[in-house]
1. Tell me, please, whether a residue that is without any contact (Cβ under 8 Å) to a residue 40 or more places away in the chain, over 21 Å from Val151 (Cβ atoms) and open to solvent by 20 Å² or more (accessible area, probe 1.4 Å) can be found in region 34-46.
2. Inside region 1-14, can you point out the residues that are among the aliphatic types (A, V, I, L, M) and either open to solvent by less than 10 Å² (accessible area, probe 1.4 Å) or free of Cβ contacts under 8 Å to residues at least 12 places away in the same chain (or both)?
3. In region 162-180, which residue that is more than 19 Å from Val33 (Cα to Cα) and open to solvent by 60 Å² or more (accessible area, probe 1.4 Å) is farthest from the ligand (Cβ to nearest atom)?
4. Inspect region 49-66 for any residue being closer than 17 Å to Val121 by Cα and without any contact (Cβ under 8 Å) to a residue 40 or more places away in the chain and give the result as yes or no.
5. Tell me which of these Asp39 doesn't satisfy, since it passes every other one: (1) of a type in the set (Asp, Glu); (2) away from the ligand (no atom under 16 Å from the Cβ); (3) farther than 30 Å from Asn193 by Cα.
6. Suppose we filter Ala103, Ala143, Ala107, Ala130 for residues that are open to solvent by 40 Å² or more (accessible area, probe 1.4 Å) and more than 13 Å from the ligand (Cβ to nearest atom); which single one remains?
7. Residue by residue through region 112-133, note down the ones that are assigned to a helix (DSSP H, G or I), over 19 Å from Trp70 (Cβ atoms) and within 12 Å of the chain's Cα centre (by Cα).
8. Restricting to region 110-127, name every residue that is near the ligand (Cβ under 9 Å from one of its atoms) and under 30 Å from Val209 (Cα atoms).
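The values are calculated or read from the model by the stated rules, or taken from the named source; none is laboratory data. Note that this is a predicted model, so its numbers are computed, not measured. Note that each Cβ is placed from the backbone with ideal geometry, even for glycine, and that neighbours are counted across all protein chains shown. The protein model used for the area step is the full one, side chains on, heavy atoms only, and it has no ligands, DNA or RNA in it. Shrake-Rupley method; radii C 1.70, N 1.55, O 1.52, S 1.80 Å.
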Amino acid sequence: MAIEAFAPAKINLTLHVTGQRDDGYHLLDSLVVFADMGDRLHLADGPEMRMEVTGPFAEGVPTNDRNLVWQAALLAGWTGLIQLEKNLPHGAGIGGGSSDAAALLRAVRFAEDASVLGADVPVCQYGRAARMSGIGDIVDPVAGLPPLHAVLVNPGVHVPTPRVFDALKTKENPAMEALAPAPSMGAFVRWLNDQRNDLEAPAVATQPVIADVLKALSEVARGGVVRMSGSGATCFALFENAGRAELAAKDIAAAHPDWWVRDCLLS
Ligand code: C5P
């Protein structure tokens, strides 16, 4: 049987680091949403595991058990051909491999705990707006967010997640503030602007070009929310409508032809 699966980009609208466990893992408090753009999987049941990768970011993607999708298939007890169209930059703070793995798990109807595959996998398995806490293993649905028009920008640098966590100076930071249910766009943007991504400063220290990305987004976002996602390097800005997001994406792409720039809808 052939199955198509969509692996959306994951965006951390907030990412608060609230502590560190004895085993080194960090405690997180994060509002996560998903984009209407991402990778695509085509799965065909068969007796053997095989993997093919195409798409603009295919280069360097492993086609063996080093790939998280392959590991997800093993966990779910599924075998066959996995064709992955890699449209998202990897090592980029937007889910990448975690979302691919979660898409396979959803497609083969594996609904059990898959946190062994990585901290972002449970929230990607859920695949809708959620508050992620614990070390990523606790996922609480968040309903009633307004649709968010966004521009995503990645400057093409890899940011190793462990290095960013290591560079974080203060491990115990305040959790997210309470968010009123079904906020208006204005109230939501005000709330978001008061929250943080605690990994932004250590990521900028690791890859200073992230500061250039944040500056370029701030110039077009005119006071709107501008922030890094995950451990970077992808950053986002939010806009009032699709038209403004599209124009902003065109401006940034024209000024920085070597950056990956996309406008999209987050929900
Ligand atoms: O779970 P995942 O493979 O995505 O995590 C990559 C690395 O990020 C971990 O090895 C760890 O260094 C760091 N991390 C962390 N605390 C978390 C999630 C990830 O310290 N909650």
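1. Taking region 34-46 and keeping what is without any contact (Cβ under 8 Å) to a residue 40 or more places away in the chain, we get 46.
Okay, now just the ones that are also over 21 Å from Val151 (Cβ atoms), so 46.
So of that shortlist, the ones also open to solvent by 20 Å² or more (accessible area, probe 1.4 Å) come out as 46.
Yes: one or more hits.
2. Going through region 1-14, the residues among the aliphatic types (A, V, I, L, M) turn out to be 1-3, 5, 7, 9, 11, 13.
Across region 1-14, the qualifying residues are Ala7, Ala9, Ile11, Leu13.
3. The first filter runs over region 162-180 and keeps only residues more than 19 Å from Val33 (Cα to Cα), leaving 162-174.
Subset that is open to solvent by 60 Å² or more (accessible area, probe 1.4 Å): 162-163, 166, 169-170, 172, 174.
Details: Pro162: 4, Arg163: 9, Asp166: 8, Lys169: 14, Thr170: 14, Glu172: 14, Pro174: 17 Å.
Per the stated criteria, the residue is Pro174.
4. Step one: list which residues in region 49-66 are closer than 17 Å to Val121 by Cα, which gives 65-66.
Narrowing further to those that are without any contact (Cβ under 8 Å) to a residue 40 or more places away in the chain: 65-66.
The answer is yes, given that some residue of region 49-66 is closer than 17 Å to Val121 by Cα and without any contact (Cβ under 8 Å) to a residue 40 or more places away in the chain.
5. (3)
6. Values: Ala103 fails: open to solvent by 40 Å² or more (accessible area, probe 1.4 Å); Ala107 fails: open to solvent by 40 Å² or more (accessible area, probe 1.4 Å); Ala130 fails: open to solvent by 40 Å² or more (accessible area, probe 1.4 Å).
Sole residue among the options that is open to solvent by 40 Å² or more (accessible area, probe 1.4 Å) and more than 13 Å from the ligand (Cβ to nearest atom): Ala143.
7. Listed by number, the list holds a single entry, Val123.
8. Listed by number, the residues that qualify are Leu117, Gly118, Ala119, Asp120, Val121.
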